[in-house]
Amino acid sequence: MVYHEIRVVKGKKQNYLVHNRRKNGKWLKKSSFIGTGNIPQQEIKILKEEFEIKVIASDKFDYISKDQALEI
């Protein structure tokens, strides 16, 4: 699941998309910087979908192909 996270660095808002998952008993966290300041919710929704597709495509699956994983 991808979620939107706002971090404050040196007094400025920075927006990130974050994906967490567990692998081999450890948590993996992938994040992507999407901009500073206020970002409209519609744009965040579109960026979330694109980031989730990118994360799924970068993973390796044992029993299904990447195309099947993206379709699911």
Straight-line reach from Lys54: which lysines fall under 16 Å, measuring Cα to Cα and dropping same-chain residues less than 8 apart?
Lys29, Lys30, Lys45, Lys66
Probe 1.4 Å, accessible area per residue of region 1-59, Å²
75
A correct Karplus calculation of ³J(HN,Hα) over region 37-45, with 6.51 cos²θ - 1.76 cosθ + 1.60, θ = phi - 60°, whole Hz and x for Gly and Pro, returns x, 8, 10, x, 4, 4, 5, 4, 4
Carbon plus sulfur, as percent of the 1.4 Å-probe accessible area of region 1-40, comes to 53
Once the dipole of the chain is set up with Lys and Arg at +1 and Asp and Glu at -1 on Cβ about the Cα centre, which of Ser65, Ile39, Gln14 lies farthest towards its positive end?
Gln14
Beta carbons within 10 angstrom, averaged per residue: use that to sort the peptides 49-57, 1-9, highest first.
49-57, 1-9
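The values are calculated or read from the model by the stated rules, or taken from the named source; none is laboratory data. Every value quoted in this text rests on a predicted model; they were computed, and no experiment measured them. We place every Cβ from the backbone using ideal geometry, glycine too, and count neighbours over all the protein chains shown. Just the protein is used for accessible areas: all its heavy atoms, side chains included, with ligands, DNA and RNA removed. Shrake-Rupley method; radii C 1.70, N 1.55, O 1.52, S 1.80 Å.
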